[in-house]
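The values are calculated or read from the model by the stated rules, or taken from the named source; none is laboratory data. Keep in mind that this is a model prediction, so the values were computed, not measured. Cβ atoms come from the backbone with ideal geometry, glycine included; neighbour counts cover every protein chain shown.
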Amino acid sequence: MYAAGRELLGLDPGACLVVDDDPQLVLAAIRLGHHGVALTRGGEPTPAAVPAIRSLDELPPIVNGAP
């Protein structure tokens, strides 16, 4: 679904950020070349390749390109 949506919008994978509460779906998006972050409100563990945030308040620096 990530690739199909990106293609419909005419975007490169690197121009897309996927945010989901399922770390495995975020990992799938990352493997497709998208940027991704898991929303783990309860602090659930995520795979090492999946960045995580605990609140949407943490999202603006990621969107704005902060490390």
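L56 meets the conditions (1) surrounded by 12 or more Cβ atoms within 10 Å (Cβ to Cβ); (2) at pLDDT 90 or above; (3) touching a strand residue (DSSP E or B) at 6+ places or on another chain (Cβ under 9 Å) in every case but one. The failed one is (1).
When residues in segment 14-43 are screened for being crowded, with 16+ Cβ neighbours inside 10 Å, touching a Lys or Arg at 6+ places or on another chain (Cβ under 9 Å) and not in a strand (DSSP E or B), 3 of them pass.
For A4, the stated conditions do not hold, so it cannot be described as small (G, A, S), in a loop (DSSP other than H, G, I, E, B) and loosely packed, with under 11 Cβ neighbours inside 10 Å. A single entry from P47, P51 fulfils the requirement of being in contact with a Leu (Cβ under 8 Å, 6 or more places away or on another chain), surrounded by fewer than 17 Cβ atoms within 10 Å (Cβ to Cβ), touching a residue at least 12 places away in the same chain (Cβ under 8 Å) and not hydroxyl-bearing (S, T, Y): P47.
The residue pairs whose first member lies in segment 3-21 and is of a type outside the set (D, E, K, R), whose second member is assigned to a helix (DSSP H, G or I), and whose beta carbons are closer than 7 Å, counting only pairs six or more residues apart or on different chains, are P13/R6; C16/R6; L17/V63; V18/Y2; V18/V26; V18/A29; V19/L59.
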